[in-house]
């Protein structure tokens, strides 16, 4: 079981982190895009452009893959996964359409809020 936890689960963790990093990089490129053309253009596009489908999938899907890999690791090593942990992984994937509809910075903020909430919930319920 330990060998499976360290091989199979880590593949998902690494792929999730890579996709999340690509998504964050693209979000930062979207946010900086109006400023690259003209220094004062940012005032006209305060909300910023929304994300394309591949960028939203990389951002939210990368987070979902990471959380799924973490769940697999916990299942294989500790044997227990709480339903709330599964919910956070599913929410990361289900929020992808919302990420496409929002401006790029807001989409990143929603995902960051979800991940901070998941980490806080994990911290509060770890001893129970």
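Can you spot a residue in region 72-89 that is more than 30 Å from residue 3 (Cβ to Cβ), out of contact with any strand residue (DSSP E or B) (no Cβ under 9 Å at 6 or more places or on another chain) and either surrounded by 16 or more Cβ atoms within 10 Å (Cβ to Cβ) or touching a residue at least 12 places away in the same chain (Cβ under 8 Å) (or both)?
In the first step, residues of region 72-89 are kept if they are more than 30 Å from residue 3 (Cβ to Cβ); the result is none.
The answer is no; no qualifying residue exists.
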Worksheet, complete the sentence: residue 102 fails exactly one of (1) at pLDDT 90 or above; (2) closer than 30 Å to residue 6 by Cβ, namely (2)
Worksheet, complete the sentence: So, first residue modelled with pLDDT of 90 or more in region 42-61, second residue surrounded by fewer than 20 Cβ atoms within 10 Å (Cβ to Cβ) and not in a helix (DSSP H, G or I), Cβ within less than 9 Å, six or more apart or across chains; the pairs are 56/50
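Matching residues to (1) in a helix (DSSP H, G or I); (2) in contact with a helix residue (DSSP H, G or I) (Cβ under 7 Å, 6 or more places away or on another chain); (3) closer than 19 Å to residue 24 by Cα; (4) at pLDDT 90 or above:
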residue	(1), (2), (3), (4)
75	yes, no, no, no
84	yes, yes, no, no
92	yes, yes, yes, yes
97	yes, no, yes, yes
107	yes, yes, yes, yes
113	yes, no, yes, yes
117	yes, no, yes, yes
120	yes, no, no, yes
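Assess whether residue 32 counts as being at pLDDT 85 or above and part of a helix (DSSP H, G or I).
Working: at pLDDT 85 or above: no; part of a helix (DSSP H, G or I): yes.
Criteria not met by residue 32.
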Fill in: Residue ID - surrounded by the fewest Cβ atoms within 10 Å (Cβ to Cβ), chosen from residues in region 100-113 that are closer than 13 Å to residue 62 by Cα and touching a residue at least 24 places away in the same chain (Cβ under 8 Å)
108
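The values are calculated or read from the model by the stated rules, or taken from the named source; none is laboratory data. Since the model is a prediction, treat every value here as computed from it, not as a measurement. Note: ideal-geometry Cβ built from the backbone for every residue, glycine included; neighbour counts use all protein chains shown.
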